[in-house]
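Here is the structure we will look at, set down as structure tokens.
The values are calculated or read from the model by the stated rules, or taken from the named source; none is laboratory data. Note that the structure is predicted; figures quoted are calculated from it, not measured. Ideal geometry is used to build each Cβ from the backbone, glycine not excepted, and the neighbour counts take in all protein chains shown. SASA here: full protein model, heavy atoms, side chains in, ligands and nucleic acids out. Shrake-Rupley method; radii C 1.70, N 1.55, O 1.52, S 1.80 Å.
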Amino acid sequence: SPLTSPQETLMGKYGEDTKLIYELQDQGGELLALRYDLTVPFARYLAMNKITNMKRYHVAKVYRRDNPATTRGRYREFYQCDFDIAGQFDPMIPDAECLKIVHEILSDLQLGDFLIKVNDRRILNGVFAICGIPESKFITTCSTVDKLDKMPWEEVRSEMVGEKGLSPEAADHIGEYVQLHGGLDLIERLLQDPKLSQNKLAKEGLGDMKLLFEYLTLFGITGKISFDLSLARGLDYYTGVIFEAVLLQSENDHVEEPVGVGSVAGGGRYDGLVGMFDPKGRKVPCVGVSIGIERIFSILEQRMKASGEKVRTTETQVLVATPQKHLLAARLKLISELWDAGIKAEMLYKKDPKLLKQLQYCEDTGIPLAAIVGEQELTDGVVKLRDVATREEVRM
């Protein structure tokens with residue numbers, strides 16, 4: 001999908017985050033915007049091409065007019081890696097697969113301990129309804145609840161009452177629910193809740209959540225999954241299950257609760273989004289997940305710094321080096337053979353570099369091997385292969 005969209009395509013899909021959309025204008029004065037995520041353009045693509053069934057991944061740049069915090073991996077231009085399943089399927093099967101994929105990726109990257117929080121917009125809306133919140137305030141209340149991972153309940157409560165105009169009683173009532181988290185036992189408990197079980201939306205959401213946890217149990221991943229009522233995801237387009245993966249970091253060993261170091265992936269179900277772009281309003285149910293690549297990179301970089309490990313910025317396997325002058329031709333011939341054989345090779349772009357400088361370059365960039373051709377090697381028809389780390393050499 002293109003980098004720019006008409007502004008009206010993106011407006012009204014992101015709740016309070018709409019203010020973070022980069023707005024542009026072309027020569028003809030048409031109002032355009034840079035894409036904020038890969039989800040809305042995907043939904044638009046499905047609608048325009050009348051596609052009702054698709055499973056896809058997409059890695060591309062998105063743009064947010066945010067205050068960057070580069071140390072935490074927050075940028076104005078960054079990559080997202082999205083995976084989505086679109087189509088009419090039986091409940092919670094594709095949703096469970098999305099969570100399985102997040103679990104697999106975060107496990108394979110070995111980023112340390114992580115937790116995937118799961119909730120459902122219908123359960124939240126049910127909670128708001130029984131707490132007496134008018135429907136017109138659901139979405140703004142949602143984006144306040146979403147701040148619970150960054151702010152204590154007291155601050156969230158005062159924003160609800162002070163800025164969003166909820167009554168203190170309603171806010172306290174919401175607080176009783178949104179501070180709950182657990183697994184299947186909590187779902188069962190809420191299904192028995194006298195008020196919540198009377199709410200049609202909440203009951204639907206809890207039924208699906210129970211089903212989801214049954215599938216996640218079969219996938220063997222419930223150990224890393226928490227049903228968390230404080231999870232709200234501030235975007236408008238979610239309609240059902242929502243989830244977010246956070247990395248945990250135990251600051252020191254005697255801390256009971258591990259500390260979250262921020263969200264690295266998030267997603268959910270957005271069944272109404274494709275219909276917004278279809279002239280006839282035809283809906284295509286979708287569920288998807290987005291992984292923040294820069295977030296993960298910044299965490300990996302910090303870890304490597306802390307452990308004193310060098311970050312390799314090149315995949316070069318071997319540096320072609322010469323110990324004497326006037327041997328550029330020998331280097332060019334040898335590197336050409338290596339390239340033709342599919343070996344990642346490099347050489348310094350100097351006619352007569354000093355051997356020490358060439359070996360130092362290997363150490364600085366982490367190139368493991370140096371292939372050395374001097375006059376003696378040329379005479380003998382061999383190449384001296386040097387292991388840069390151990391300094392062992394073999395002639396071949």
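Being open to solvent by 10 Å² or more (accessible area, probe 1.4 Å) and within 11 Å of the chain's Cα centre (by Cα) is the filter here, so list the residues in segment 263-281 that pass it.
Matches in segment 263-281: SER263 only.
Looking for whichever is touching a residue at least 12 places away in the same chain (Cβ under 8 Å), hydrophobic (A, V, I, L, M, F, W, C) and over 25 Å from LEU99 (Cβ atoms) here; the options are MET209, MET160. Which one fits?
Only one candidate passes the filter, namely MET160.
Which numbered condition trips up GLU337, out of (1) charged (D, E, K, R); (2) in the same structural domain as TYR75 (by the TED database); (3) assigned to a helix (DSSP H, G or I)?
Every listed condition holds for GLU337 apart from (2).
Do we find that LYS333 is touching a residue at least 12 places away in the same chain (Cβ under 8 Å) and open to solvent by 40 Å² or more (accessible area, probe 1.4 Å) in this structure?
no
For residues that are closer than 23 Å to ALA265 by Cα and without any contact (Cβ under 8 Å) to a residue 60 or more places away in the chain, tally how many sit in segment 20-43.
Residues in segment 20-43 being closer than 23 Å to ALA265 by Cα and without any contact (Cβ under 8 Å) to a residue 60 or more places away in the chain: 7 in total.
I'd like the residue in segment 357-396 that is among the hydroxyl-bearing types (Ser, Thr, Tyr) and within 40 Å of the chain's Cα centre (by Cα) and, out of all such residues, is modelled with the lowest pLDDT.
Ranking the candidates gives THR365 first.
Could you tell me whether segment 370-379 includes any residue that is within 30 Å of GLY308 (Cα to Cα), open to solvent by 50 Å² or more (accessible area, probe 1.4 Å) and either charged (D, E, K, R) or in contact with a Phe, Trp or Tyr (Cβ under 9 Å, 6 or more places away or on another chain) (or both)?
For segment 370-379, residues within 30 Å of GLY308 (Cα to Cα), open to solvent by 50 Å² or more (accessible area, probe 1.4 Å) and either charged (D, E, K, R) or in contact with a Phe, Trp or Tyr (Cβ under 9 Å, 6 or more places away or on another chain) (or both): absent.
So that you can scan it fast, the table gives a plain yes or no per residue for (1) charged (D, E, K, R); (2) under 14 Å from the mean Cα position of the chain (by Cα):
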{"residue": "ILE21", "(1), (2)": "no, no"}
{"residue": "VAL40", "(1), (2)": "no, no"}
{"residue": "LEU46", "(1), (2)": "no, no"}
{"residue": "ASP66", "(1), (2)": "yes, no"}
{"residue": "ARG76", "(1), (2)": "yes, no"}
{"residue": "TYR79", "(1), (2)": "no, yes"}
{"residue": "MET92", "(1), (2)": "no, no"}
{"residue": "ALA96", "(1), (2)": "no, no"}
{"residue": "LYS100", "(1), (2)": "yes, no"}
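Working only within segment 29-56, note down all residues that are open to solvent by 30 Å² or more (accessible area, probe 1.4 Å) and among the small types (Gly, Ala, Ser).
Passing the criteria: only GLY29.
Restricting attention to segment 9-32, report how many residues are outside any loop (DSSP other than H, G, I, E, B) and touching a Phe, Trp or Tyr at 6+ places or on another chain (Cβ under 8 Å).
Result for segment 9-32: 4.
Give me the helices (runs of 4 or more DSSP H) completely within segment 142-208, filtered to those with at least 1 residues that are more than 24 Å from ARG269 (Cβ to Cβ) and open to solvent by less than 30 Å² (accessible area, probe 1.4 Å), ordered by residue number.
Helices (runs of 4 or more DSSP H) meeting the threshold: 153-162, 168-178.
Among the residues of segment 282-295, is there at least one that is open to solvent by 50 Å² or more (accessible area, probe 1.4 Å) and closer than 30 Å to ASN53 by Cα?
So far as segment 282-295 goes, yes, one or more of its residues are open to solvent by 50 Å² or more (accessible area, probe 1.4 Å) and closer than 30 Å to ASN53 by Cα.
Please go through (1) of a type in the set (A, V, I, L, M); (2) surrounded by 23 or more Cβ atoms within 10 Å (Cβ to Cβ); (3) at pLDDT below 95 for LEU248 and return the number of the only condition it doesn't satisfy.
The single condition LEU248 does not satisfy is (2).
Go through the residues of segment 309-323 one by one and say whether even a single one is assigned to a helix (DSSP H, G or I) and either open to solvent by 70 Å² or more (accessible area, probe 1.4 Å) or at pLDDT 95 or above (or both).
No, segment 309-323 contains no residue that is assigned to a helix (DSSP H, G or I) and either open to solvent by 70 Å² or more (accessible area, probe 1.4 Å) or at pLDDT 95 or above (or both).
Which of the following residues is in a helix (DSSP H, G or I) and either in the same structural domain as GLY267 (by the TED database) or modelled with pLDDT of 95 or more (or both): GLY234, GLY223?
Working: GLY234 fails: in a helix (DSSP H, G or I).
Exactly one residue qualifies, and that residue is GLY223.
Within segment 1-19, restricting attention to residues that are open to solvent by 30 Å² or more (accessible area, probe 1.4 Å) and in contact (Cβ under 8 Å) with a residue 40 or more places away in the chain, which residue is farthest from THR144 (Cα to Cα)?
Ranking the candidates gives SER1 first.
Inside segment 57-88, can you point out the residues that are exposed (fewer than 14 other Cβ atoms within 10 Å of the Cβ) and within 19 Å of VAL241 (Cα to Cα)?
Hit for segment 57-88 is GLN88, nothing else.
Among the numbered conditions (1) closer than 19 Å to ILE139 by Cα; (2) touching a Lys or Arg at 6+ places or on another chain (Cβ under 9 Å), tell me where LYS203 comes up short.
Of the numbered conditions (1) closer than 19 Å to ILE139 by Cα; (2) touching a Lys or Arg at 6+ places or on another chain (Cβ under 9 Å), the odd one out for LYS203 is (1).
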